[in-house]
Amino acid sequence: MPDDAARREGGADRRFATRVTRAGRSHAKDRHFVNPPVVRGSTVLHPSCADRVAASRRRMDQAMVYGLLGTPTHHALEDTIAEIEGGTRCQLVSSGLAACTVPLLAFLSAGEHCLVPDSVYGPTRHFCDAMLSRLGIETSYYLPTIGAEGLGKLMRPNTRALFLESPGSHTFEVQDVPALAAVARARGARVLMDNTWGIHFFQPFRHGVDVSIQALTKYVGGHSDVLLGSITTDAEDTWERVRSTATALGQYASSDDCWLALRGARTLAVRLNAQMAAGLRIARWFAARSEVLRVLHPALPGAPGHELWTRDFTGAPSLFGVVFRPEIAAESVAAMLDSLTLFGIGASWGGYESLALPTTGTIRRSLDPALGGPAARFHIGLEDPDDLIADLEQAFALLRLD
Ligand SMILES: *Cc1c(COP(=O)(O)O)cnc(C)c1O
């Protein structure tokens with residue numbers, strides 16, 4: 001789509017690192033500062049009453065109508081995210097969680113049914129159980145590694161949405177997105193995907209996804225100082241539903257946060273590459289330790305989902321799981337994590353700092369993920385991997401095999 005490519009300014013034929021420095025910068029063509037300004041505002045002034053009416057007819061577009069519908073700062077980030085995701089239009093919302101909930105509300109009505117992977121991000125699950133059910137929308141949780149045939153059996157005449165999250169952000173099951181999307185589309189259901197882990201490395205619209213969700217809080221923000229979500233589409237009918245639902249709900253992202261996310265996006269390519277390399281190196285270190293049963297990193301040969309990852313992804317970020325041998329108590333794993341000095345203990349990921357989080361006992365599932373031992377999730381930041389490995393070496397001394 002040359003028009004979209006031109007609008008986004010990234011240049012469709014260029015490589016990712018180049019595109020991500022150029023996207024959303026059409027303002028800079030004519031003697032301007034490198035970055036767009038932070039535009040804060042509610043009221044937009046119009047030259048005439050007729051102009052105001054004309055502008056409000058363009059509420060699906062990047063027209064300046066009212067602050068809630070976006071400012072030039074929002075438009076620059078929207079174009080940049082559409083470029084990263086390979087879509088045409090992007091809606092910014094207040095958090096990654098809102099980016100999950102708004103599309104579910106956009107495409108589901110009372111009496112309808114949605115299919116959600118059992119590995120889904122916990123708060124998305126809570127939304128389905130606590131809110132969708134109150135609205136008369138039923139959710140079924142399916143095994144994330146299900147195939148087309150199995151999914152076909154779970155589809156009902158009133159199934160209107162298939163939710164995907166690949167891989168799951170705690171247990172890292174990779175999904176066969178094209179096969180599952182084809183089943184849903186053939187039966188008239190929309191395919192909504194939380195693509196936060198796959199940012200840039202998984203191009204959702206080439207694999208049958210209708211709506212791609214990002215927690216920009218993670219790698220795009222990149223500095224653990226912003227909460228923001230995006231919903232990207234590549235077709236006008238899905239766009240109109242998403243846009244009108246987000247505005248009906250009063251969804252808004254602050255201009256300052258959009259500007260910070262835009263600043264993060266400019267270094268996304270180098271950070272992703274550096275973190276991918278460090279993450280893989282440390283994942284291999286874990287895999288070589290006798291205390292470790294399995295490493296849940298789809299890019300590691302032999303790891304669960306590695307074949308699908310090889311087929312569908314062009315890289316991997318630095319978030320993965322580690323399953324310890326069953327003889328090791330979950331308490332020993334917690335003590336080991338407590339003794340790390342370079343890894344913070346905390347939720348979220350995608351920042352420049354390394355993090356660790358116990359998984360055992362903290363995730364809710366309908367179907368047992370059968371990990372085989374106590375588990376933890378690691379996010380590798382931008383510290384020197386040699387220092388991170390030294391820190392892990394000293395902490396592992398606390399893991400007694402008894
Ligand atoms: C963090 C996360 C979210 C939610 O993002 P917030 O901005 O923290 O609300 C959604 N999905 C996945 C996979 C996440 O990791």
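The values are calculated or read from the model by the stated rules, or taken from the named source; none is laboratory data. Only a predicted model underlies this, so the values are computations on that prediction, with no experimental measurement involved. When we count neighbours, we look across all protein chains shown, and the Cβ atoms used for this are built from the backbone with ideal geometry, even at glycine. For the accessible areas, the whole protein counts, side chains as well, though only heavy atoms, and no ligand, DNA or RNA atoms are used. Shrake-Rupley method; radii C 1.70, N 1.55, O 1.52, S 1.80 Å.
Cα axis of helix 236-248 to longest principal axis of the chain: angle in degrees, 0 to 90, nearest 10?
Taking the Cα atoms of the chain, the angle to 236-248 is about 90 degrees.
Give me the Å³ per residue figure for the convex hull around the C-alpha atoms of the range 159-240.
Numbers: hull volume 8.4 nm³, N = 82.
Dividing the Cα hull volume of the range 159-240 by its residue count gives 103 Å³.
If you place +1 on the Cβ of every Lys and Arg and -1 on the Cβ of every Asp and Glu, how big does the dipole about the Cα centre of the range 196-282 come out, in debye to the nearest 20?
Values: 8 positive and 8 negative charges, 94 e Å.
The calculation lands at about 460 debye.
When Lys and Arg each count +1 and Asp and Glu each count -1, what net charge do the other residues less than 13 Å away from Val44, Cβ to Cβ, add up to?
+3
Counting pairwise Cα distances across the range 277-377, what percent come out greater than 23 angstrom? The partial results should precede the final answer.
Numbers: 1305 of 5050 pairs.
Here the tail beyond 23 Å accounts for 26 percent of pairs.
With every protein chain kept in place and ligands, DNA and RNA left out, what is the accessible area per residue of the range 259-378? Probe 1.4 Å, answer in Å². Numbers along the way, then the final one.
On the way: 4940 Å² over 120 residues.
Value for the range 259-378: 41 Å² per residue.
Suppose all protein chains stay in the model; what accessible area per residue would a 1.4 Å probe give for the range 1-139, in Å²? Can you show the working numbers first?
Working: 6910 Å² over 139 residues.
Per-residue value: 50 Å².
Could the peptides 20-26, 337-343, 84-90 be put in order, highest first, of the mean number of other beta-carbon atoms found within 10 Å of their residues? Walk me through the numbers before you get to the answer.
Numbers: 20-26: 21.1, 337-343: 16.1, 84-90: 23.9.
With the highest mean Cβ count within 10 Å placed first, the list reads 84-90, 20-26, 337-343.
What's the extension gain from Asp51 to Asp237 if we count 0.36 nm per residue and subtract their Cα-Cα distance?
Working: separation 186, 0.36 × 186 = 66.96 nm, distance 2.61 nm.
Answer, rounded to one decimal: 64.3 nm.
Not counting ligands, DNA or RNA, and with a 1.4 Å probe, what is Ser332's accessible surface area in Å² rounded to the nearest 10?
Looks like 20 Å² after rounding.
Quick check for me: using +1 on Lys/Arg Cβ and -1 on Asp/Glu Cβ, what's the dipole size of the chain about its Cα centre, in debye to the nearest 20? Please list the in-between numbers first.
On the way: 40 positive and 43 negative charges, 213 e Å.
I would put it at about 1020 debye.
When the chain is modelled as a GNM with alpha-carbon springs shorter than 10 Å, which of Ala265, Ala375, Ala274 fluctuates the most?
Residue with maximal mean-square fluctuation among Ala265, Ala375, Ala274: Ala274.
For q = 0.09, 0.19 Å⁻¹, what log10 I(q)/I(0) does the range 1-140 give under the Debye formula with an equal point scatterer on each alpha carbon and no solvent?
Result of the Debye calculation: -0.41, -1.11.
Where nothing but the Cβ of Lys and Arg (+1) and of Asp and Glu (-1) is charged, how large is the charge dipole of the range 114-263 around its Cα centre, in debye to the nearest 20?
On the way: 13 positive and 16 negative charges, 64 e Å.
About 300 debye.
What's the ranking of 387-394, 70-77 by average number of surrounding C-beta atoms within 10 Å, highest first?
Going by the mean number of other Cβ atoms within 10 Å, highest first, we get 70-77, 387-394.
Restrict the search to the range 97-170; then list the trypsin sites (Lys or Arg not before Pro) that DSSP places in a loop and that have at most 10 other Cβ atoms within 10 Å of their Cβ. Spell out each step's value before the answer.
Values: sites: Arg125, Arg134, Lys153, Arg160; in loops: Arg134.
Those that pass, being in a loop and sparsely packed, are Arg134.
Which chymotrypsin sites (Phe, Trp or Tyr not before Pro) does the range 278-330 hold that lie in a coil by DSSP with at most 15 other beta carbons within 10 Å? Present the calculation step by step, with values, prior to reporting the outcome.
Values: sites: Trp285, Phe286, Trp309, Phe313, Phe320, Phe324; in loops: Phe313.
Within the range 278-330, no chymotrypsin sites (Phe, Trp or Tyr not before Pro) qualify (loop, at most 15 other Cβ atoms within 10 Å).
Rg over Rh of the range 206-354, using C-alpha atoms and the Kirkwood radius, what does it come to?
Across the range 206-354, the Cα-based Rg/Rh ratio is 1.03.
Are there GluC sites (Glu not before Pro) in the range 274-377 that DSSP marks as loop and that have at most 14 other Cβ atoms within 10 Å, and which are they? Please report the intermediate quantities before stating the final value.
Numbers: sites: Glu291, Glu307, Glu327, Glu331, Glu353; in loops: Glu291, Glu327, Glu353.
Sites meeting the loop and neighbour criteria: Glu327.
Considering only protein heavy atoms and a probe of 1.4 Å, how much of the accessible area of the range 243-328 is carbon and sulfur, as a whole percent?
Numbers: 1930 of 3300 Å².
Carbon and sulfur together cover 59 percent of it.
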